[in-house]
Amino acid sequence: MKSNTSLIIAGVIVVVVLVGFTALKKPPEKPPAYECLTQAGYSWDEYVGACVKSQSLEGGNMREAAKVAVEYAGASEGFTVTQVDAATVDGIFLVHLTKDGETMQVALNNWQVTTGEPRENPAAPKLLPIPAGGEPDEDGCIGTALYVWDESIGACMRIRGITDENQRTAAKTAVAYMGYEKGTSVLGVDTLTCRGCFNVHLYRGGDRVDVYLADSKATGKTMTPKECETTGGRITVNETDVTQCQPDEKETGKIAGYLGTALCCNK
């Protein structure tokens, strides 16, 4: 009888140990009460720890960069990786995250998280495009990248993106200033410290354009690479110091869309 009891106890101990070991080895689960936008092509990626579009992270080390950014932001918080921009130098990335309608950008320089975008990269990082991944709809919006037409703004807006009414008004003002163009997308709006001052980031005609607002009125915009080339200028993206023109040149405008500062310089 004692022998049988000992065997039963030993068996229970083995089961408990095995269950405990299995629990320790179990990979992290998707955060509770958080669903990926499957209709937009997103699915849970256990390695990254967020909802991602697998095809959007192909090539280079984009998936690894996304993992680093998500771990920094909080891997258990239910983020979606909407975009990863890679510079021409390995280890420099800008990872775009979203959660509950709020957006966040995590910049990596030499694989280390930095505060804000890396501003001085002497190795000419590439332009930052809007998310790709599908054909535009009848309004020119890329639905698979979470952009849909917003009638009140007059442009494509990210789903659950800009909710602040002042920023939405600024976006509407900037779009009106530039004039209607099919497929114009509002990438983001920065609220500046002065009264009624904003920097509205637009994507239209294949280029990034920033529109500046002061006292809630549009005061100017950045140039596109095409506009710089039309003036006979050059863009400072292949130099050690990309923040200023050569002594025999003058700055004729700033170019939006680069990880580092870019200028249009003319002689």
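Annotations for the structure displayed:
- When we screen GLY188, GLY196, GLY220, GLY232 for residues that are closer than 30 Å to GLU135 by Cα and surrounded by fewer than 20 Cβ atoms within 10 Å (Cβ to Cβ), the only hit is GLY188.
- Residue-level check: of (1) crowded, with 18+ Cβ neighbours inside 10 Å; (2) over 25 Å from CYS51 (Cβ atoms); (3) touching a Phe, Trp or Tyr at 6+ places or on another chain (Cβ under 6 Å), CYS156 misses just (2).
- Among strands (runs of 3 or more DSSP E) entirely within the stretch 150-225, having at least 3 residues that are out of contact with any helix residue (DSSP H, G or I) (no Cβ under 8 Å at 6 or more places or on another chain) singles out 185-191, 198-204, 207-214.
- If you check ALA256, ALA262 for being of a type in the set (Gly, Ala, Ser), crowded, with 20+ Cβ neighbours inside 10 Å, modelled with pLDDT under 90 and within 24 Å of ALA176 (Cβ to Cβ), only one passes: ALA256.
- Hey, ALA123 modelled with pLDDT under 80, hydrophobic (A, V, I, L, M, F, W, C), on the phi < 0 side of the Ramachandran plot and touching a Ser or Thr at 6+ places or on another chain (Cβ under 6 Å) or not: yes
- Within the stretch 238-249, not a single residue is in a strand (DSSP E or B), surrounded by 15 or more Cβ atoms within 10 Å (Cβ to Cβ) and modelled with pLDDT of 85 or more.
- Residue match in the stretch 163-178 (condition: farther than 18 Å from LEU213 by Cα and basic (Lys, Arg)): no
- Considering the stretch 99-114, the residues that are part of a loop (DSSP other than H, G, I, E, B) and closer than 19 Å to GLU64 by Cα include one that is modelled with the lowest pLDDT, namely ASN110.
The values are calculated or read from the model by the stated rules, or taken from the named source; none is laboratory data. Bear in mind that the values here come from a model prediction, so they are computed numbers and not experimental data. Note that each Cβ is placed from the backbone with ideal geometry, even for glycine, and that neighbours are counted across all protein chains shown.
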